[in-house]
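Heads up: the structure comes next, in structure tokens.
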């Protein structure tokens, strides 16, 4: 749907009629005004059209409207319509940000051509902004969600796509897989980033204080309520509410939560005045909520409300090639946190890291990185329990080879010569295997860990 529109301003009715007729014959949308003030109210950084305005107008004149448009967004095209005596003024206005000027009297074709060029320019400007914003969002997500495996790349793309849309999200994943990291990435990449991110651990809420904690209370609402308390939902207004471990919430509390999510309204205990909520809900679960619904342990209506979009965080066992690089990143972060020098990570340590299952996912891997930095040695080695249910021997061997190559690349900072010498294979063999497994030298370079 084309939302581009021409806002045409002239105090002479016959000129407004002629312009409207000429532009509509070309399939262009136009709205006419006799004064400039109403047009100024329609302008914003997201305005997709152009402004065509006569210079001589009652009240606010055309140059004042042009200056106001440029103040809102310097890239809004403003075309000035001039009388013979205003040409010099129009030329000077172009230095101040006007797109072009048309001198009266003008043929309809001159107006149409100028407007079409201006619309094309505005469209390109807005498209480029969106592309730059998407690139910036993806880069921001990549800085907190590390890895280059297929599963993690899909997740990054999904976060970038969903972040800009103000809808509720359900984040599912195993314990320690990074559900909170994903939720914070969603918040930071959204238009709510400058507002609060309120983390509520549903498993840790004391049953007798849940309503007060979430919805707040007035002074005297119950024994011990000495002063008014703002609830967690109310404190998050304008921002994001992260409902961690939503699967642990008792059914009775799910009913109360349903009302708040559905109506975006809370009422403090001891009050009858509803408080409107402008928040985004992100819920995280380690369980299959559909199965919980089937077993009558989770309300179906609440599940469908929260599950507008579902993001699945892949466990480490499904993205083994990410483990060595992720371990190096966590070691770097731990060294900075504990104010220690960044230790060298031997290939043997990386190989041991790649060989482990990490059932506790990123949380367990982070603990291992902390211990390594603090001098407690490398993670203990043990046989990796490969998925034998769906994978044959050849695929399991390929997974093992891929993780070993990734471990060596990470240990050597992406240096290919050191990697193929450590693996005792030829340069050509390393290149072929990296291409086969989708491993990139850039992803393992030391610069990416800084």
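The values are calculated or read from the model by the stated rules, or taken from the named source; none is laboratory data. Remember, predicted model here, so these are calculated numbers, not experimental data. No Cβ is skipped: glycine too gets one built from the backbone with ideal geometry, and neighbour counts run over all protein chains shown.
Pairs linking a residue in the stretch 257-270 that is on the phi > 0 side of the Ramachandran plot and at pLDDT 90 or above to a residue that is surrounded by 15 or more Cβ atoms within 10 Å (Cβ to Cβ) and not in a helix (DSSP H, G or I), with Cβ atoms under 6 Å and 6 or more positions apart or on different chains, are 264/277.
The residue pairs whose first member lies in the stretch 91-108 and is at pLDDT below 90, whose second member is part of a loop (DSSP other than H, G, I, E, B) and surrounded by 14 or more Cβ atoms within 10 Å (Cβ to Cβ), and whose beta carbons are closer than 7 Å, counting only pairs six or more residues apart or on different chains, are 104/83. So in the stretch 74-88, with the set limited to residues that are surrounded by 19 or more Cβ atoms within 10 Å (Cβ to Cβ) and touching a helix residue (DSSP H, G or I) at 6+ places or on another chain (Cβ under 8 Å), which one is farthest from residue 126 (Cα to Cα)? Per the criteria, the residue is 82. When the stretch 91-115 is filtered for residues that are in a helix (DSSP H, G or I) and farther than 21 Å from residue 21 by Cβ, the ones remaining, listed by number, are 91, 92, 93, 94, 95. When the stretch 267-309 is limited to residues that are in contact with a strand residue (DSSP E or B) (Cβ under 6 Å, 6 or more places away or on another chain) and more than 26 Å from residue 162 (Cα to Cα), the one that is surrounded by the fewest Cβ atoms within 10 Å (Cβ to Cβ) turns out to be 274. Cβ separations smaller than 6 Å between residues 6+ apart or across chains give the following pairs from the stretch 154-172 residues that are over 12 Å from residue 182 (Cβ atoms) and assigned by TED's automatic domain parsing to the domain that holds residue 308 to residues that are part of a loop (DSSP other than H, G, I, E, B) and at pLDDT 90 or above: 167/308; 168/308. For residue 203, the conditions (1) in contact with a helix residue (DSSP H, G or I) (Cβ under 8 Å, 6 or more places away or on another chain); (2) closer than 19 Å to residue 171 by Cα; (3) in contact (Cβ under 8 Å) with a residue 12 or more places away in the chain; (4) surrounded by 13 or more Cβ atoms within 10 Å (Cβ to Cβ) are fulfilled apart from (4).
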